[in-house]
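So the structure is just underneath, and the comments pick up after that.
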Amino acid sequence: MHDNAPDDRFDLLVVGSANADLVIGVERRPAPGETVLGSDLAVHPGGKGANQSLAAARLGARTALLARVGDDDHGRLLLETQRAAGVDTDGVLVGGAPTGVALITVDPSGDNSIVVSPGANGRLTPEDVRVAAPLLAAARVISVQLEIPLDTVAETVRGRGPDTRLVLNPSPPAPLPDEVLAACDPLVVNEHEARYILGEDAGEGPHAWAPALLALGPRSVVITLGAAGALVADSRTGSLDHLVSPKVEALDTTGAGDAFTAALAWRLGRGDDLREAAAFAVRVGAAAVTARGAQESFPTLEEVDAL
C-alpha cells in the first residue's frame, strides 16, 4: 500500500462464490457407468471467491468478501475460516439456499475433476451488490469469477468506483457481455477458458490467443499456463510478456489458479504494474501447488519469498 493512500480502503474486494469442497482421492477417475473406490471424504472450505479472498489475506492484503452462504454447517465453516484469515466478512450474506458444494476427485498426479452445486451462490443477486455499494466504493481492486450469476457480475462492473480496477477470471467459462469484457483489467484465463472464449477464432497457442482476447475489449489479458508460468498482454503498452514459473514438485493443483488471481489483484491494488504483479502471482501459484488442498495450500508472503 502506498504511504499516501487512505488506510480505510480495502486492497481487494472479492465478489464471488463460497463453497464447501468435498474431496475424495482416487487412483483414477471413473469412466461413465463405472464405480471406483476412493479415500475418506475430506471437507474443506472452498469456492473461487472464498479461495481468492483467503489467499489474498494470507499474503497480507486488506481483503473483504461479498458472497452468500447457507444457514448451515458448511456456511459456518466458511465464515469461520475467512475470519480466521483476517478477511472482512461483513459482506457475506446468510440464507436463501444451502451453502454451495463442490464435489472433487483428485488422482495421484494431482489432477482434479470437479462438479459444483451452486446453492446459495446462485442466490447472490444484483440487488445484493447494490446494497453493498459502500463496500464496492471502498475497494482499490474488485475480483470476480463466474460461480455467481452473470447479471450479478455485470452489476458489480456497473457499481464499482471510477478508480476501482476490475479483475475477472471467467470460470466456469460463459459468454461475457461487452460491458463486462471492456471493464476487465486484466481478464485472467487459463488455456481452457481462452479456447472457450475465442471459439473457432482461437489460433495456435497462447501467443495467438492473447492478442485475440485483447481484441474483444479487455484492457489487459493474463493467460495462466500452469507449470509454464503465464503470458501477459497489455493494450496500453502493446507488450506481450511470458513469465516463467519456478520449478516445483506439484502435489495438488486445486485452488492454484485462485491463489494466482488473488495475488495478481492484490499487487495491482498496491500499485504494481501488470507485469510485476503477474510475476509475483506466478510465484504464489507455484507455491500453492506444493501442498495439498485449496485454501490450506495458500502461501504466506514469507513462503513465497522463500521459493
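The values are calculated or read from the model by the stated rules, or taken from the named source; none is laboratory data. Quick caveat: nothing in here was measured; it's all calculated off a predicted structure. Methodologically, a virtual Cβ is constructed for each residue, glycine included, from the backbone with ideal geometry; neighbour enumeration extends over all protein chains shown.
Across segment 217-234, the qualifying residues are those that are within 15 Å of residue 273 (Cβ to Cβ) and not polar (S, T, N, Q), and the one among them that is surrounded by the most Cβ atoms within 10 Å (Cβ to Cβ) is 222. Of all the numbered requirements in (1) surrounded by fewer than 22 Cβ atoms within 10 Å (Cβ to Cβ); (2) within 18 Å of the chain's Cα centre (by Cα); (3) farther than 14 Å from residue 278 by Cβ; (4) at pLDDT 95 or above, residue 185 misses one, and that requirement is (3).
When each of 42, 84 is tested for being modelled with pLDDT under 95 and surrounded by fewer than 24 Cβ atoms within 10 Å (Cβ to Cβ), the lone residue that passes is 42.
The set of residues in segment 65-83 that are under 10 Å from residue 93 (Cβ atoms) and among the hydrophobic types (A, V, I, L, M, F, W, C) comprises 66, 67, 69. Restricting 181, 166 to those that are hydrophobic (A, V, I, L, M, F, W, C) and either touching a residue at least 40 places away in the same chain (Cβ under 8 Å) or closer than 17 Å to residue 64 by Cβ (or both) reduces the list to 166.
Within segment 96-125, the residues that satisfy the criterion of being among the small types (Gly, Ala, Ser) and either surrounded by 17 or more Cβ atoms within 10 Å (Cβ to Cβ) or touching a strand residue (DSSP E or B) at 6+ places or on another chain (Cβ under 8 Å) (or both) are 96, 97, 100, 102, 113, 117, 119, 120, 122. Taking the numbered list (1) under 18 Å from residue 219 (Cα atoms); (2) modelled with pLDDT of 90 or more; (3) not in a loop (DSSP other than H, G, I, E, B) in turn, residue 259 passes all entries but (1). Do the conditions hold for residue 285, that is, is it surrounded by 24 or more Cβ atoms within 10 Å (Cβ to Cβ), of a type outside the set (Asp, Glu) and assigned to a helix (DSSP H, G or I)? In short, yes.
Is it the case, given these coordinates, that residue 237 is over 16 Å from residue 279 (Cα atoms), touching a helix residue (DSSP H, G or I) at 6+ places or on another chain (Cβ under 8 Å) and not acidic (Asp, Glu)? Against the criterion (over 16 Å from residue 279 (Cα atoms), touching a helix residue (DSSP H, G or I) at 6+ places or on another chain (Cβ under 8 Å) and not acidic (Asp, Glu)), residue 237 does not qualify.
Could you tell me which residue of segment 125-143 is farthest from the chain's Cα centre (by Cα), considering only residues that are under 19 Å from residue 266 (Cα atoms) and assigned to a helix (DSSP H, G or I)? Here the answer is 137. Filter segment 160-188 for residues that are more than 20 Å from residue 149 (Cβ to Cβ) and not in a loop (DSSP other than H, G, I, E, B) and give the result. Of everything in segment 160-188, those that are more than 20 Å from residue 149 (Cβ to Cβ) and not in a loop (DSSP other than H, G, I, E, B) turn out to be 165, 185, 186. On inspection, residue 166 passes the criterion of being of a type in the set (A, V, I, L, M), crowded, with 23+ Cβ neighbours inside 10 Å and out of contact with any Leu (no Cβ under 7 Å at 6 or more places or on another chain).
How many residues, within segment 235-267, are surrounded by fewer than 22 Cβ atoms within 10 Å (Cβ to Cβ) and either over 29 Å from residue 109 (Cβ atoms) or not hydrophobic (A, V, I, L, M, F, W, C) (or both)? Number satisfying all stated conditions: 13.
Cβ-Cβ contacts under 6 Å between residues 6 or more apart (or on different chains), taken from a first residue in segment 38-50 that is under 7 Å from residue 18 (Cα atoms) to a second residue that is modelled with pLDDT of 95 or more and among the β-branched types (Val, Ile, Thr), are listed as 49/14.
Restricting 70, 60, 33 to those that are surrounded by fewer than 24 Cβ atoms within 10 Å (Cβ to Cβ) and in contact with a Leu (Cβ under 6 Å, 6 or more places away or on another chain) reduces the list to 60. Output the residues belonging to segment 101-136 that are of a type outside the set (Asp, Glu), touching a residue at least 60 places away in the same chain (Cβ under 8 Å) and farther than 30 Å from residue 24 by Cβ. Answer for segment 101-136, where residues must be of a type outside the set (Asp, Glu), touching a residue at least 60 places away in the same chain (Cβ under 8 Å) and farther than 30 Å from residue 24 by Cβ: 129, 132, 135, 136. For segment 144-157, the condition holds for no residue, the condition being that it is in contact with a strand residue (DSSP E or B) (Cβ under 6 Å, 6 or more places away or on another chain), farther than 25 Å from residue 218 by Cα and not in a helix (DSSP H, G or I).
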